[in-house]
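Some notes on the structure that comes next.
The values are calculated or read from the model by the stated rules, or taken from the named source; none is laboratory data. No experiment lies behind these values; they were computed from the predicted model shown. Note that each Cβ is placed from the backbone with ideal geometry, even for glycine, and that neighbours are counted across all protein chains shown. Quick note on the areas: whole protein, heavy atoms, side chains included, nothing else; ligands and nucleic acids left out. Shrake-Rupley method; radii C 1.70, N 1.55, O 1.52, S 1.80 Å.
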Amino acid sequence: MTITNYLVLAAILFTIGAVGVLVRRNAIVVFMCIELMLNSVNLTLITFARASGTVDGQVIALFVMVVAAAEVVVGLAIIMSIYRTRRSASVDDVNLLKY
Amino acid sequence: MPASLPVDGLLSVAWLVIVLPLAGAAVLLLGGRRTDRWGHLLATGTVVAAFVLAVACTLQLSDRPGHAASVDLFTFIRTGGLDVSAGLLIDPLSAVFMLLITGVGALIHVYSIGYMAHDPGRRRFFAYLNLFVAAMLLLVLGNSYVALYVGWEGVGLASYLLIAFWYTRPAAATAAKKAFLMNRVGDVGLALAIFLMFAQLGTTSYAGVFGEVGLLAGGTVTAIGLLLLLGACGKSGQFPLQAWLPDAMEGPTPVSALIHAATMVTAGVYLIARSAPVYDETPTARTVVLAVGAVTLLIGAVVGCAYDDIKKVLAYSTVSQIGYMFLAVGLGPVGYAAGIAHLLTHGFFKAGLFLGAGSVMHAMDDQVDMRRFGGLAKRLPVTFVTFGLGYLALIGFPFLSGYWTKDAIIEAALDRGGWSGWVLGGVAVLGAGLTAFYMTRLMLMTFFGKARWTPGVSPHESPPTMTAPMVVLAVGSVAAGFLLVQVFPLAEWLEPVFGEPAEAAHVVAPAVVGVVVTAVMAVGVLAAWLFVGRREVPTTAPARVSPVVTAARRALYADTVNEALVMRPGIWLTRALVWLDNRGVDGVVNGAAAALGGSSSRLGRAQTGFVRSYALGMLGGAVLVAGALVAVTTA
């Protein structure tokens, strides 16, 4: 079993996540797509760690999970407060900060 | 140098002569309205005190070996190689000027007490007069060209302030500006001459410059001489900078008498006489001085014949008489004493004439048009007699002041020999004839004939404060020439400055010159009587006149030439520069700002507020970076 399959899977996951961030309007879905991208990166890190026989990649993946958890907390809080004031979770409705 | 003797007695406080009027000006200007009631008396007092001190200093000077005293006061500028110390040089030449300035100045201050009695700006007037006297004294008493320059600019400033004394009149304000600007042209010349002295000799003191001027290259000395002459022309109203002097008559009449007849305008003559050692080294510059004097003498006399404004006729007469003085000092050693003597007698009679004109104007409600005078001899007896004596002195009536000093100049010109001597002598004699013509015309139109007064005017004689100075000046006009030429010869008094007077060659016998000049003068007087005296004077100037008269009425087109040659090109240049500034300099600066602002507002459009477009941007950027990394690592 080569690492190619893992890497291809990670690439597919990352692409799905990126496309989701760009095309979906619902902030929650955008958020979940970002998680998908982060996890695809985690998969890549663990794949390379396994292939090289070191634990460096796994350690970094753990860090990413922690940071992602913290980010989810902050992000969800922002989405909640925007929803409360504007009665919408669409990212296109939040466009006041512009030229 | 005998000037290095220790200075003692009154000479050591000679600086008080300058400081007294200066303090008077300071008190009057800083004291404000508190000094309104007694300010004019203080101002007159300071000048009278300065005169007394000047007389005492001169008496002490005449007992002093070498007749010169150099008083060091303080260091004015010391920087690098430039070391200018302020000091006074009192020698026969500056003493003569000191006496003239304080003496005539004091008389005119007294006169002004009466003349300006009802003017609301009297205090300001006396303050400026005092300022002028102080600056003029500094000009003649300073021991270096820098001190002279400070005084030179001071009198320019005082002249500007006094011409524009009635500054609510547009004509006065314009005349003051014109005088200031034309003086500035001359001042640039003087400043350049001083720079040149410093660059070439490293010193500006008279002693230093005159000691080393012989070591300079001929071209440099000529340049210094010509630049000094330019300065002198500006201040003295000589060709080609003569046009400001007649316009300066917009000032109060005592100003015309003091500044524009007796003292300031003679500063140019003083400058050239003082710089005699420079001109001794450069015959070229000296010849130019001669030419300027001769040309101005004729211009002034010709224009003076055509004007109807009494003060402007006297002003052109001043231009013409200073032309005589330039002619005299341009002749070199033979002419210096004659020129200075004429300057002194002219100071008396011209100041007297101007004060007389002021008295006439005072009587005629400030009318200056001679066509509106006539028959004033009976109404203004004192003015008539004093004015008449000044008139006789000016035209060179035998044995009055002008006769002695003008004849001396004509003799000196003829003594030059050769064709140039005859030409210069001829010009001077012709000028004497013209002088007799226009002054007789002035006398006839003002004091004789029928009264042509504006209805409602009732002439009355001026108060004693005005007539007393006129009487003193009239006595001076009668006696000064005889005293200065025969009794106390000025030539001998000035010997320490100009050296032993050369033995006169007497190309033409002095007696013959006297007879010829008197005859020419008589012709001028007769011509004036034929043209003006024996017929009715029309109250408006005749319009159908010969081209010569038209040209003379327009001051020989001096203003036209100035406007065509200087003013219009100047305006064009200014406009071109303004255009270049607006379009060029401003264009670059404003263009850069507009380009930055425009591009930033266009770039700002990218900030749409849509988060997903930002995300696309980030992705695109990340892809670019990653692509670049791949490209770099695989290459």
Can you compute the modelled spin-label distance between B:Leu580 and B:Leu41, with each label point 7 Å from Cα toward Cβ, in nm?
6.1
How well do other chains shield peptide B:477-485, expressed as the mean number of their Cβ atoms within 10 Å of each residue Cβ?
0
Expected-Rg normalisation [2.2 N^0.38 Å, Cα atoms] applied to the range B:201-278
1.33
Helix axis angle, B:381-395 relative to chain B longest principal axis, alpha carbon, degrees
80
Average accessible surface area per residue within chain A, 1.4 Å rolling probe, Å²:
67
What number in nm² do you get for the range B:48-152 if you take the convex hull of its Cα atoms and divide its surface by four?
7.9
Find the sum over both chains of the accessible area lost when B and A are paired, probe 1.4 Å, and report it in Å² to the nearest 100.
1000
Per-residue accessible area for B:Thr222 at 1.4 Å probe radius, Å² rounded to 10?
30
Considering only Cα-Cα distances, which of the following residue pairs are longer than 20 Å: B:Lys178/B:Lys312; B:Lys311/B:Lys406; B:Lys177/B:Lys350?
B:Lys311/B:Lys406; B:Lys177/B:Lys350
Around B:Leu181: net Lys/Arg minus Asp/Glu count, Cβ-Cβ under 12 Å:
+1
Per DSSP H run of at least 4 residues, take -39500 (n - 2.57); add these up for chain B, divide by its residues and hand me the 222 nm value, nearest 500 deg cm²/dmol.
-22500 deg cm²/dmol
Rounding to the nearest 10 and keeping the result within 0 to 90°, find how far the Cα-based axis of helix B:218-236 lies from the longest principal axis of chain B.
70
Taking the solvent-accessible surface of protein heavy atoms with a 1.4 Å probe, what is the per residue accessible area of chain B in Å²?
41
Place the peptides B:477-486, B:399-408, B:532-541, B:205-214 in order of packing, highest mean first, counting for every residue the other Cβ atoms within 10 Å and averaging per peptide.
B:399-408, B:477-486, B:205-214, B:532-541
Hey, can you rank B:95-106, B:335-346 by average C-beta count inside 10 Å, highest first?
B:335-346, B:95-106
Just subtract the alpha-carbon distance of B:Ala23 and B:Leu530 from 0.36 nm times their residue separation and send over the number in nm, one decimal.
177.2 nm
Carbon + sulfur, % of accessible area of chain B - ligands and nucleic acids excluded, 1.4 Å:
70
Taking Cα atoms of the range B:141-280, Rg/Rh with Kirkwood Rh, to two decimals?
1.03
For chain B, find the longest principal axis of its Cα atoms and tell me its angle to the long axis of helix B:510-528, 0 to 90°, nearest 10.
80
Debye-sum result for the protein assembly as shown in log10 I(q)/I(0), which assumes one identical scatterer on each alpha carbon, at q = 0.08 Å⁻¹:
-0.65
Charge tally for neighbours of B:Val517 with beta carbon under 13 Å away, counting Lys, Arg as +1 and Asp, Glu as -1, is -1
Ignore the peptide's own chain and count Cβ atoms of other chains within 10 Å of each Cβ in B:605-612; give me the average, rounded.
5
Rh by Kirkwood over Cα pairs, then Stokes-Einstein D for chain B at 1.306 mPa s and 10 °C, µm²/s
60
Where the centroid of each part is defined by its Cα atoms, how far is the range B:28-81 from the range B:485-550 in Å?
36
Please report the spacing between the Cα centers of the range B:264-339 and the range B:97-128 in Å, no decimals.
26
Between the range A:1-35 and the range B:570-603, what's the alpha-carbon centroid distance in Å?
54
Ordered by packing density, taken as the mean number of other Cβ atoms within 10 Å over each peptide's residues, highest first, how do A:83-93, B:370-380, A:9-19, B:293-303 rank?
B:293-303, B:370-380, A:9-19, A:83-93
List the residues of the range A:61-99 whose accessible area drops by at least 10 Å² when all protein chains are present, compared with their chain alone, using a 1.4 Å probe and counting only protein heavy atoms.
A:Val91, A:Asp92, A:Val94, A:Asn95, A:Leu97, A:Lys98, A:Tyr99
When a/c reaches 1.5 or more, the comparison of a/b and b/c decides; with that in mind, is the range B:65-119 rounded, prolate or oblate per its Cα gyration tensor?
oblate
